[in-house]
């Protein structure tokens, strides 16, 4: 028996990165996949009780529920020491990247993917804006990753966070060969000890 | 002489919240206002050296530059103890709100404000999308703040973060009387010891 439960969804890269860290760090937990296509009222009662606004992922530990994937990565990495920093300056550098993700690639690319793969009704101007911002964000990552293996030298939760949705490897209408340093970095993440692919662990 | 410098901009609520915390916590610092209307190449060399992608705010401490306003709030609050938490569970709760801000109200409202106040060329579908998401986000905040004075009971950096742009009090085309609990909460923030208004400290 474990008192730790993660609620996530198959196609949520934000859920995936948290489940991946739990597995890589060997944290015993129960995983519950939520069908986000289902009307909120029909979702499992245990999920509705801990996520009143229907958000995934949500992690429940000893009865305490926490939302926001990057807050969970920070919390779990600080607790387990896995993929974290060795001092406060290092945590601040990681945290800065996590907020960049939340503002940039963690919004632009997932929204583009949503409209290109799951919802054909998006206004073209909106979809174009997500595409333009995703390209800007990937260009920035390409520059950052050109001269080092991971964002902060060694692999950290910042890498899991920025890579979350990209690791699904979908065709979202972008020519990914424009960003060779990003693609090489994704392969280095896939080679980390304990790595599991999204579709293996999120269903 | 201080070895701490904040680079920010007059109309950047993200810069404002960091400067406000520095002042409320009594951290000695130099503030440099950047004109973000100016072409990047014409901005001060000392700023270009620490912010290669032109981001504000950037905080430089003893030669180390850090971007992302919420990462700076966490770092400064952990260091000074001001508007922080008393245990790790409390820090995780604060961090969860900071990431909600980065994903939601810290994107929707500032973008809406940008197009309504400073740039009339936004595609109507895009501006409408920012308006709809800002309304969704303010509705959520209204529910959260209906039964408590601050997001986590006592005032924390989560309040400064979510309120940043709202404290400018601009007309962005929304009828703010729809969110009375949010408006009352803004007044409670303005009444905190050491509070200073954005236009007083950001120019």
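The values are calculated or read from the model by the stated rules, or taken from the named source; none is laboratory data. These numbers were taken from a predicted model, which means no experiment stands behind them. Here the Cβ is made from the backbone with ideal geometry for all residues, glycine too, and neighbour counts use every protein chain on show.
Only residues that are farther than 15 Å from residue B:99 by Cβ and within 8 Å of chain B (Cβ to nearest Cβ) were counted in the range A:85-98, giving 4.
Checking each residue in the range A:73-84 for being more than 8 Å from chain B (Cβ to nearest Cβ), on the phi < 0 side of the Ramachandran plot and buried (at least 21 other Cβ atoms within 10 Å of the Cβ) picks out A:73, A:76, A:77. Per this entry, residue A:154 is not counted among residues that are under 25 Å from residue A:76 (Cα atoms), without any contact (Cβ under 8 Å) to a residue 12 or more places away in the chain and surrounded by 16 or more Cβ atoms within 10 Å (Cβ to Cβ). Among the residues in the range B:92-103, are any buried (at least 21 other Cβ atoms within 10 Å of the Cβ), outside any helix (DSSP H, G or I) and modelled with pLDDT of 95 or more? The answer is no; no qualifying residue exists. Across the range A:104-131, the qualifying residues are those that are surrounded by fewer than 18 Cβ atoms within 10 Å (Cβ to Cβ) and in contact (Cβ under 8 Å) with a residue 12 or more places away in the chain, and the one among them that is farthest from the other protein chains (Cβ to nearest Cβ) is A:117. On the given criteria, is residue B:55 surrounded by fewer than 22 Cβ atoms within 10 Å (Cβ to Cβ), touching a strand residue (DSSP E or B) at 6+ places or on another chain (Cβ under 6 Å) and part of a loop (DSSP other than H, G, I, E, B)? When the stated conditions are applied, residue B:55 passes them. Looking at the range A:19-39, is at least one residue within 14 Å of chain B (Cβ to nearest Cβ) and either in contact (Cβ under 8 Å) with a residue 24 or more places away in the chain or part of a helix (DSSP H, G or I) (or both)? There is no residue in the range A:19-39 that is within 14 Å of chain B (Cβ to nearest Cβ) and either in contact (Cβ under 8 Å) with a residue 24 or more places away in the chain or part of a helix (DSSP H, G or I) (or both). Summed over the range B:178-190, the residues that are within 13 Å of residue B:20 (Cα to Cα) and not in a helix (DSSP H, G or I) give a count of 0.
Look at residue B:133 and say whether it is closer than 27 Å to residue A:108 by Cβ and assigned to a loop (DSSP other than H, G, I, E, B). No; evaluated as a whole, the condition is false for this residue.
Quick check: is even one residue across the range A:104-111 under 28 Å from residue B:78 (Cα atoms), part of a loop (DSSP other than H, G, I, E, B) and outside the structural domain of residue A:68 (by TED's automatic domain parsing)? Yes, the range A:104-111 contains at least one residue that is under 28 Å from residue B:78 (Cα atoms), part of a loop (DSSP other than H, G, I, E, B) and outside the structural domain of residue A:68 (by TED's automatic domain parsing). Determine if the range B:144-166 includes at least one residue that is at the interface with chain A (Cβ under 8 Å from one of its Cβ atoms) and at pLDDT 95 or above. For the range B:144-166, residues at the interface with chain A (Cβ under 8 Å from one of its Cβ atoms) and at pLDDT 95 or above: absent.
Here residue A:65 fulfils each of the conditions (1) facing another protein chain (nearest Cβ under 9 Å); (2) free of Cβ contacts under 8 Å to residues at least 40 places away in the same chain; (3) surrounded by 15 or more Cβ atoms within 10 Å (Cβ to Cβ); (4) touching a strand residue (DSSP E or B) at 6+ places or on another chain (Cβ under 9 Å) apart from (1).
Here is the figure for the range A:58-88: residues that are assigned to a loop (DSSP other than H, G, I, E, B) and more than 18 Å from residue B:90 (Cβ to Cβ) total 7.
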